[in-house]
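In what follows, a structure is listed as structure tokens, so that the remarks can point back to it.
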Amino acid sequence: MNRHKKKFLFFSLMILMTFFVSSCGENNYAKEDILTRLESEPTIVWGVKNDTKLFGLMNVGTNKVEGFDIDIAKAITKEILGGKGRAEFVEVTSKTRIQLLKNGNIDAIIATMTITDDRKKIVDFSDVYFDAGQSLLVKKGSSIKSVKDLKAQTTVLVVKGSTSAVNIRKAAPDAKILELENYSEAFTALKSGQGDAMTTDNAILLGMAEEDPDYTLVGGNFTDEPYGIAINKGQKPFLTKVNEALKTLKSNGTYDSLYKKWFPSETTTTKED
Ligand code: GLU
């Protein structure tokens, strides 16, 4: 074997070993019992949105992420771990969140995530903590008033990995669909005229309409989007703790006060469990 071949073999072997070691590490971390780890390391790592006003939005002034999902995550962390507990936040998008959970980069997803039967095949969900529904956002004065107006010549903006991207294809089968990476990109695309409407959950669109009053929600909700906290399968003890914490927050008034903080003009719509 000449020197070049040996060198090539050596490097190929190194790459293979690195890949093997890193993938083993990820799987072990995802499988490790979270509740056991929390006894010695009281930090829950939450996957959250960083670009979704009202749920998870990065405040560039404080460098902290803020929103309803963030506050619920902090409150659950305190319920489970007491004063010594810490909530750590890792940015996810609709497209990346399940993979980050599967890899063990995060313990749970609390990121405007709808509980669906398809998703339940790969992750477990907590009880419902927020009831949303899919709607449309358009520029004020638009001729689009509901999904019925989304005809072949209209372009609708959606975010990759969201239920909205799937649902809209059924609700408006003739419309053109343009998929963006995240919600800030999608709203920027709407404002720059790359689409005639944007579609996702009413609560997310509400945050955008608040940010820019030239935009408004139309047509009401055309789906139900119950939000749940996603946790890896095989983490039942942690899931039970999260559900117990949610119940306590709903019964002791914390949930209602956080709801009013972020959605002052809405009434609490989430059913009590
Ligand atoms: N709730 C929907 C979903 O889980 C849309 C919001 C989102 O993209 O996170 O896909």
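The values are calculated or read from the model by the stated rules, or taken from the named source; none is laboratory data. Quick caveat: nothing in here was measured; it's all calculated off a predicted structure. Glycine also receives a Cβ, built like all others from the backbone with ideal geometry; neighbour counts cover every protein chain displayed. Quick note on the areas: whole protein, heavy atoms, side chains included, nothing else; ligands and nucleic acids left out. Shrake-Rupley method; radii C 1.70, N 1.55, O 1.52, S 1.80 Å.
Quick look at the numbers
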| read-out | value |
| --- | --- |
| Scan of region 112-125 for residues that are open to solvent by less than 10 Å² (accessible area, probe 1.4 Å) and more than 23 Å from Lys53 (Cβ to Cβ), ordered by number | Val123 |
| Per-region count, region 52-65, residues surrounded by fewer than 18 Cβ atoms within 10 Å (Cβ to Cβ) and in contact with a strand residue (DSSP E or B) (Cβ under 9 Å, 6 or more places away or on another chain) | 2 |
| Residue match in region 195-209 (condition: free of Cβ contacts under 8 Å to residues at least 40 places away in the same chain and away from the ligand (no atom under 13 Å from the Cβ)) | no |
| In region 218-241, residue farthest from the ligand (Cβ to nearest atom) [restricted to those that are over 30 Å from Leu137 (Cα atoms) and within 17 Å of the chain's Cα centre (by Cα)] | Asn232 |
| Residue identified as at positive phi and at pLDDT 95 or above among Gly85, Gly133, Gly141 | Gly141 |
| Exclusive hit being among the charged types (D, E, K, R), farther than 27 Å from Lys74 by Cβ and buried (at least 22 other Cβ atoms within 10 Å of the Cβ), set Asp196, Asp201, Asp174 | Asp196 |
| So Ala245, is it open to solvent by less than 20 Å² (accessible area, probe 1.4 Å), more than 18 Å from the chain's Cα centre (by Cα) and more than 23 Å from Trp46 (Cα to Cα) | no |
| Check on Gly141, surrounded by fewer than 18 Cβ atoms within 10 Å (Cβ to Cβ), assigned to a helix (DSSP H, G or I) and of a type outside the set (A, V, I, L, M) | no |
| Considering residues of region 144-171 that are part of a loop (DSSP other than H, G, I, E, B) and more than 16 Å from the ligand (Cβ to nearest atom) only, the residue surrounded by the most Cβ atoms within 10 Å (Cβ to Cβ) | Leu150 |
| Test result for Thr62, away from the ligand (no atom under 14 Å from the Cβ), more than 12 Å from the chain's Cα centre (by Cα) and in a loop (DSSP other than H, G, I, E, B) | yes |
| Qualifying positions in region 65-118 - among the hydroxyl-bearing types (Ser, Thr, Tyr) and within 16 Å of the ligand (Cβ to nearest atom) | Thr93, Ser94, Thr96, Thr112, Thr114, Thr116 |
| Tally, over region 168-184, of residues that are free of Cβ contacts under 8 Å to residues at least 40 places away in the same chain and either of a type outside the set (Val, Ile, Thr) or touching a helix residue (DSSP H, G or I) at 6+ places or on another chain (Cβ under 6 Å) (or both) | 10 |
